[in-house]
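Have a look at the structure below before the remarks.
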Amino acid sequence: MQIEDLIFEDDAAHRYFENMPDLDAFIVVGVDDGDIYYGCAVNPDIDPGRELGALGWCAQLVTRIADRGFDEAMKTDPWQQRSDGRWQLWGRAVDLPPHD
């Protein structure tokens, strides 16, 4: 999966992150008649230097679903099922201390 292949939900981005400024990205996945659909939004207020990392995170998740299959991927990562039947996952960048 390439970053440019993701569907971005730019119009909804402010609404998704309105009360969650510490989150970087949001991805939602749904299945309809056997076809998998993805939507991704990146927090418009994150540091521009982190934006590419957030997009890469979304692309990695989509690739993992393609590689492992939908059902297995939902078990592998901490996806949450929504009341509309779709699945969602939030991403946050974390700075870890250096490893010696």
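The values are calculated or read from the model by the stated rules, or taken from the named source; none is laboratory data. Everything numeric here is computed off the predicted structure, so don't read it as measured data. Side chains are part of the model used for accessible areas, which takes the heavy atoms of the whole protein and leaves out ligands, DNA and RNA. Shrake-Rupley method; radii C 1.70, N 1.55, O 1.52, S 1.80 Å.
In terms of solvent-accessible area of protein heavy atoms at a 1.4 angstrom probe, what is the ranking of 63, 76, highest value first? Intermediate values should be presented prior to the final figure.
Numbers: 63 40, 76 65 Å².
Ranked from most to least accessible, the order is 76, 63.
Would you mind calculating the gained length between residue 86 and residue 22 on full extension (0.36 nm times residue separation, minus the Cα-Cα distance), in nm to one decimal?
Details: separation 64, 0.36 × 64 = 23.04 nm, distance 2.33 nm.
Gain on extension, residue 86 to residue 22, equals 20.7 nm.
Taking 0.36 nm per residue of separation and subtracting the Cα-Cα distance, what length does fully extending residue 77 through residue 95 add? Working shown, then result.
Working: separation 18, 0.36 × 18 = 6.48 nm, distance 2.01 nm.
Here the segment from residue 77 to residue 95 would lengthen by 4.5 nm.
Could you check how many percent of all C-alpha pairs in the stretch 11-92 are farther apart than 15 Å?
Numbers: 1882 of 3321 pairs.
Of all Cα-Cα pairs in the stretch 11-92, 57 percent lie more than 15 Å apart.
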